[in-house]
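The values are calculated or read from the model by the stated rules, or taken from the named source; none is laboratory data. Only a predicted model underlies this, so the values are computations on that prediction, with no experimental measurement involved. Don't worry about glycine lacking a Cβ; one is built from the backbone with ideal geometry, like all the others, and counts go over all protein chains shown. When the accessible area is computed, the model is the full protein with side chains, heavy atoms only, and any ligands, DNA or RNA have been set aside. Shrake-Rupley method; radii C 1.70, N 1.55, O 1.52, S 1.80 Å.
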Amino acid sequence: MESAQRFAAVKWPQLGLGSNELKVDARVNILVTGSAGFLGGTIVRQAEALGNKTSGLNRSSGEYQVDLSSKVPELEHHFDLVVHCAGKAHSVPRTPEEKQLFYDVNVAGTKNLLAGLRKPPSRFVFISSVAVYGVESGLQIAENHELAGVSPYAKSKIAAESIVHDWGKSNSVPVSILRLPLIVGPDAPGNLGNMIHAIRRGRYVSINGGTARKSMVLADDVAKCIFSPALGPGTYNLTDGQHPSFRELEDLICGQLGRKRPINIPHFVASMLGLVGDVIPKFPISSATIQKMTADLTFDDSRARDEIGWNPDRVVEHFRIGTDARLLHAGST
């Protein structure tokens, strides 16, 4: 009860209210798994900017160094808040062993983390993904949509969500599950990082005018949401609410890199190239790639707006590429 009251007393800035008062109870103790990663690092920086004591858990860095996929961590401290970011993503498994890794890291790893929390925290935030819905196209998909994901990644996130939810209920811990789309920020990994790298090297093409719209969200806004006092138990999609088109993102990246707009190829030409990639493994694109680049896929974040005051910045107005030397300083080849 005391820890819960301390959280209620913390004057974190509530999203959308524009508060400049960052008066924080210094006793708040936070554990962030995956703190060495892209989103985890952003969350740690936000927590520390608010004056909190933060511990990181990673395989080879941080206060707790443990491989959650195979070991239960020894967490001797009580944490007011646990943010579980650690997980496996950004890869397409091609072998049974690679598929198993998603289970080992995202499912077994979650079980091991929870087993290591001998004293349940006052709050628990689990970073999930819109991949759980298992859709390749669609508009304004909400949290009540069927969890139909069939990829190893999606299935592992569905299973981990269930585990965390049941654990929270059994231990009387409020659990917030954040389902995220493409996460945007400086030096972003995954598809966004690949897109930036390809544009810089002059090896990116726009397809069908780049009209397809995709949900995305700034990493900084996710971090702010986690530390908002309005965030309570529940499952929330988080997006920037604008769902930029590929064309908008291409223009933004080209402007920051000082590059000309990439050439555009019609949809039917791209489809034929995709068929080539389906039979030639090392070909840069496939039919699946073309589908992702030409189909709208957006998610509804109205629940978060209505219930927790979610009011994020627009990606196209606030995204900055960053300072990664691979992206900004290497010469074109």
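Residue-by-condition table, conditions (1) open to solvent by less than 40 Å² (accessible area, probe 1.4 Å); (2) outside any helix (DSSP H, G or I):
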{"site": "Arg247", "(1), (2)": "no, no"}
{"site": "Glu250", "(1), (2)": "yes, no"}
{"site": "Gly255", "(1), (2)": "no, no"}
{"site": "Val269", "(1), (2)": "no, no"}
{"site": "Leu273", "(1), (2)": "no, no"}
{"site": "Val276", "(1), (2)": "no, no"}
{"site": "Pro284", "(1), (2)": "no, yes"}
{"site": "Thr289", "(1), (2)": "no, no"}
{"site": "Lys292", "(1), (2)": "no, no"}
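Kindly evaluate Thr239 against the criterion of being open to solvent by 10 Å² or more (accessible area, probe 1.4 Å) and touching a residue at least 40 places away in the same chain (Cβ under 8 Å). Considered against the rule, which asks whether it is open to solvent by 10 Å² or more (accessible area, probe 1.4 Å) and touching a residue at least 40 places away in the same chain (Cβ under 8 Å), Thr239 comes out as no.
Does Ser302 satisfy being modelled with pLDDT under 95, open to solvent by 40 Å² or more (accessible area, probe 1.4 Å) and of a type in the set (Ser, Thr, Tyr)? Let's see the steps before the verdict.
Details: modelled with pLDDT under 95: no; open to solvent by 40 Å² or more (accessible area, probe 1.4 Å): yes; of a type in the set (Ser, Thr, Tyr): yes.
For Ser302, the condition - modelled with pLDDT under 95, open to solvent by 40 Å² or more (accessible area, probe 1.4 Å) and of a type in the set (Ser, Thr, Tyr) - is not met.
Kindly indicate whether Ile30 is in contact (Cβ under 8 Å) with a residue 40 or more places away in the chain and either assigned to a helix (DSSP H, G or I) or at positive phi (or both).
Details: in contact (Cβ under 8 Å) with a residue 40 or more places away in the chain: yes; either assigned to a helix (DSSP H, G or I) or at positive phi (or both): no.
For Ile30, the condition - in contact (Cβ under 8 Å) with a residue 40 or more places away in the chain and either assigned to a helix (DSSP H, G or I) or at positive phi (or both) - is not met.
Select, from Ser176, Ser156, Ser137, Ser170, the only residue that is over 26 Å from Lys224 (Cβ atoms) and within 17 Å of the chain's Cα centre (by Cα).
Every option except Ser156 fails the conditions.
Considering only residues that are out of contact with any strand residue (DSSP E or B) (no Cβ under 7 Å at 6 or more places or on another chain) and modelled with pLDDT of 95 or more, which ones fall in region 264-299? The answer is Ala295, and nothing else. Here Ser228 fulfils each of the conditions (1) over 17 Å from Ile43 (Cβ atoms); (2) in contact (Cβ under 8 Å) with a residue 60 or more places away in the chain; (3) among the polar types (S, T, N, Q) apart from (1). Taking every residue in region 103-118 that is of a type in the set (Ser, Thr, Tyr) and pairing it with any residue that is open to solvent by 10 Å² or more (accessible area, probe 1.4 Å) and in a helix (DSSP H, G or I), at least 6 positions away or on another chain, the pairs with Cβ-Cβ distances below 7 Å are Thr110/Ile163.
Taking region 179-214 only, how many residues are in a helix (DSSP H, G or I) and either of a type in the set (D, E, K, R) or over 21 Å from the mean Cα position of the chain (by Cα) (or both)? First the steps, then the outcome.
First, the residues of region 179-214 that are in a helix (DSSP H, G or I): 190-200, 208-210.
Checking which are either of a type in the set (D, E, K, R) or over 21 Å from the mean Cα position of the chain (by Cα) (or both) leaves us with 198-200, 208-210.
Adding up the residues that qualify gives 6.
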